[in-house]
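Below is one structure; the comments refer to it alone.
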Amino acid sequence: MTSATSGRGQWSSQLGFVLAAAGSAVGLGNIWRFPYVAGESGGGAFVLVYLVCVAFIALPVMLLEISLGRATQKNPVGAFLAVRPGTSWRYLGYLALVTGLGILSYYAVIAGKVAAYCVSYGQTLVQGGAHPYHGTSLSTVVFFAVFLVLTVLVVVGGVQRGIERWSKILMPLLVVTMLGIILRGLFLPGSMAGVQWFLTPDFTKIDGRVVLNAMAQAFFSLSLGMGAMLTYGSYLSKRQDILRCGVWVVVFDTLIAILAGLMIFPAVFALGQNPAAGTTLIFQVLPEVFAKMAGGTGIAILFFFLLSVAALTSTVSLLEVVTAYFVDELSWPRSRAVWVVGGATFIVGIPSALDMAGVAPYSSLTLVGKTGFFAVMDFLWGNLSLALGSLMLCLFGIFVWGLHRAAAEIESSAPFFSSLSGTWRFFVRWVCPLSIAVILATLFGL
Ligand code: PFF
């Protein structure tokens, strides 16, 4: 590890990076958001468009973001300044930091609720009776705070001791647990209808809204457009292969989203539930599903535990991005940076927590066409800001850094990339920025 010389951490191995970056990518976005958006957008058709967006838009942006991180070995603000010192490109870095804090502030609320369900099912197992969690405003805020503290503790551990070690243990555990739940669900009579609904595209269902949802979901799910992959890439050594890492992260993330669909929809169909139930798919429909299953309490504990784990590796990356800025640029001690940012996030997140608990006026607030503080935050930071950040990153690559430099950075550790470089540059120059610009225009109703 080179931290003694540079003062920054570095991944001990390529696998460490892949697991940590996949840990950032895989989270509530895959297991809670992907199924509910797919459920609302018609199932198989959405899945197909999502796969196209991931392969042709998100993957090229992912390679650009990781390569900028590795080339500069900096946090988002430092990276833009390293390429073009003293310019306003630093504001793109600040946008990344604010977006990270913004997403973390509501993401940790849902993560806290997931953890609360896990604890509550644990109580049911020990004491008997029904799953008792109702989510008062106090308990929602408390579980949100607990989840933030857990995140802070992992991030204080630093790159190797904290993030990498935890990802190495928890990610494989996640996959094994999911496979177990899928198998269990497939044995329910009638579950095949769910598999078919989820995997067979009905082309008549593909419209502008489906494409929009799929693209926004791809950025969110792959943690793109706010410097998370840039920051994680900055801990890569020059020998480690960006191409291979990027492709692995994308494949792994996509696989988990598909597994999440296979975990939820067969059960939903077998038990006659509505796949388009929206954000409640996991919180209201699934407990009913578990209640009807033999051994359902145990399965519920596993499910909500694995979802908490997946969320934790994502909240860790969100907090790490902002922390890296304070440590690198302002020379703050790591633990002070983490606690201060964690505290600020808690304050910003309280209205989202009160919305989740149904407290007015937070739950009735209507802004930018969304109702509820939580939905407004998700739209502003999770959709708008990530798309804007990815678009600006492409423009930075095209006009400032130079895509040939980015390609050279990737090629230096993956000589094979030379044969793909032209195609990649075409996508980053034309396909990605134009399609993102069209989405942004649609979001603004242009
Ligand atoms: N990719 C995470 C998920 O799918 O749950 C969410 C996320 C993490 C978004 C980190 C953005 C980010 F920088």
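The values are calculated or read from the model by the stated rules, or taken from the named source; none is laboratory data. Remember, it's a predicted structure, so these values are computed and weren't measured experimentally. Note that each Cβ is placed from the backbone with ideal geometry, even for glycine, and that neighbours are counted across all protein chains shown. Just so you know, the surface numbers come from the protein's heavy atoms only, side chains and all, with ligands and any DNA or RNA stripped out. Shrake-Rupley method; radii C 1.70, N 1.55, O 1.52, S 1.80 Å.
Could you please find all residues in the range 182-201 being open to solvent by less than 60 Å² (accessible area, probe 1.4 Å) and part of a loop (DSSP other than H, G, I, E, B)?
Correct list: LEU188, GLY190, SER191, PRO201.
Looking at GLY298, GLY272 in this structure, which one is more than 30 Å from SER234 (Cβ to Cβ) and in a helix (DSSP H, G or I)?
Working: GLY272 fails: in a helix (DSSP H, G or I).
Answer to the selection: GLY298.
Limited to the range 435-445, what total is found for residues that are within 18 Å of GLU65 (Cβ to Cβ) and free of Cβ contacts under 8 Å to residues at least 12 places away in the same chain?
Residues flagged as within 18 Å of GLU65 (Cβ to Cβ) and free of Cβ contacts under 8 Å to residues at least 12 places away in the same chain within the range 435-445 amount to 0.
Does ASP253 satisfy the condition of being in contact with a helix residue (DSSP H, G or I) (Cβ under 6 Å, 6 or more places away or on another chain), buried (at least 24 other Cβ atoms within 10 Å of the Cβ) and charged (D, E, K, R)? Let's see the steps before the verdict.
Values: in contact with a helix residue (DSSP H, G or I) (Cβ under 6 Å, 6 or more places away or on another chain): yes; buried (at least 24 other Cβ atoms within 10 Å of the Cβ): yes; charged (D, E, K, R): yes.
Against the criterion (in contact with a helix residue (DSSP H, G or I) (Cβ under 6 Å, 6 or more places away or on another chain), buried (at least 24 other Cβ atoms within 10 Å of the Cβ) and charged (D, E, K, R)), ASP253 qualifies.
Out of LEU81, LEU68, LEU104, LEU92, report the one residue that is among the hydrophobic types (A, V, I, L, M, F, W, C) and within 12 Å of the ligand (Cβ to nearest atom). Break it down into steps so the answer makes sense when it comes.
Working: LEU81 fails: within 12 Å of the ligand (Cβ to nearest atom); LEU68 fails: within 12 Å of the ligand (Cβ to nearest atom); LEU92 fails: within 12 Å of the ligand (Cβ to nearest atom).
Within the list LEU81, LEU68, LEU104, LEU92, the selection yields LEU104.
Would you mind telling me which numbered condition in (1) assigned to a helix (DSSP H, G or I); (2) surrounded by fewer than 18 Cβ atoms within 10 Å (Cβ to Cβ) TYR325 fails?
Tallying (1) assigned to a helix (DSSP H, G or I); (2) surrounded by fewer than 18 Cβ atoms within 10 Å (Cβ to Cβ), TYR325 fails exactly one: (2).
What's the number of the condition ILE301 fails, among (1) of a type outside the set (D, E, K, R); (2) more than 14 Å from the ligand (Cβ to nearest atom); (3) under 19 Å from the mean Cα position of the chain (by Cα)?
(3)
Could you tell me whether LEU395 is within 30 Å of ALA116 (Cα to Cα), of a type in the set (A, V, I, L, M) and open to solvent by 10 Å² or more (accessible area, probe 1.4 Å)?
When the stated conditions are applied, LEU395 does not pass them.
Take the residues of the range 14-34 that are more than 12 Å from the ligand (Cβ to nearest atom) and within 17 Å of the chain's Cα centre (by Cα): which is surrounded by the most Cβ atoms within 10 Å (Cβ to Cβ)? It would help to see each step written out before you state the result.
Within the range 14-34, the first condition is being more than 12 Å from the ligand (Cβ to nearest atom), and the residues that meet it are 14-19.
If we keep only those that are within 17 Å of the chain's Cα centre (by Cα) as well, we get 17-19.
On the way: PHE17: 29, VAL18: 23, LEU19: 26.
If we take residues in the range 14-34 being more than 12 Å from the ligand (Cβ to nearest atom) and within 17 Å of the chain's Cα centre (by Cα), then PHE17 is surrounded by the most Cβ atoms within 10 Å (Cβ to Cβ).
Determine whether VAL400 is open to solvent by 40 Å² or more (accessible area, probe 1.4 Å) and of a type in the set (A, V, I, L, M).
Details: open to solvent by 40 Å² or more (accessible area, probe 1.4 Å): no; of a type in the set (A, V, I, L, M): yes.
Judged against the criteria, VAL400 is not a match.
Can you name the condition, by its number, that VAL175 falls short on among (1) away from the ligand (no atom under 16 Å from the Cβ); (2) open to solvent by 10 Å² or more (accessible area, probe 1.4 Å)?
Result: VAL175 passes all but (1).
Residues being under 19 Å from LEU150 (Cβ atoms), at pLDDT 85 or above and of a type in the set (A, V, I, L, M, F, W, C): count how many of those fall in the range 276-308.
Filtering the range 276-308 for residues under 19 Å from LEU150 (Cβ atoms) gives 301-308.
Now narrow it down to the ones that are at pLDDT 85 or above: 301, 304-305, 307-308.
So of that shortlist, the ones also of a type in the set (A, V, I, L, M, F, W, C) come out as 301, 304-305, 307.
The qualifying residues number 4.
Only one of these is within 16 Å of the ligand (Cβ to nearest atom) and assigned to a loop (DSSP other than H, G, I, E, B): MET226, MET215. Name it. Break it down stepwise before answering.
Values: MET215 fails: assigned to a loop (DSSP other than H, G, I, E, B).
Every option except MET226 fails the conditions.
Kindly indicate whether LEU243 is touching an Asp or Glu at 6+ places or on another chain (Cβ under 9 Å) and open to solvent by 30 Å² or more (accessible area, probe 1.4 Å). Quick ask: steps written out before the conclusion?
Numbers: touching an Asp or Glu at 6+ places or on another chain (Cβ under 9 Å): yes; open to solvent by 30 Å² or more (accessible area, probe 1.4 Å): no.
Considered against the rule, which asks whether it is touching an Asp or Glu at 6+ places or on another chain (Cβ under 9 Å) and open to solvent by 30 Å² or more (accessible area, probe 1.4 Å), LEU243 comes out as no.
Would you check if THR313 is modelled with pLDDT under 90, buried (at least 24 other Cβ atoms within 10 Å of the Cβ) and touching a helix residue (DSSP H, G or I) at 6+ places or on another chain (Cβ under 8 Å)?
Values: modelled with pLDDT under 90: yes; buried (at least 24 other Cβ atoms within 10 Å of the Cβ): yes; touching a helix residue (DSSP H, G or I) at 6+ places or on another chain (Cβ under 8 Å): yes.
In short, yes.
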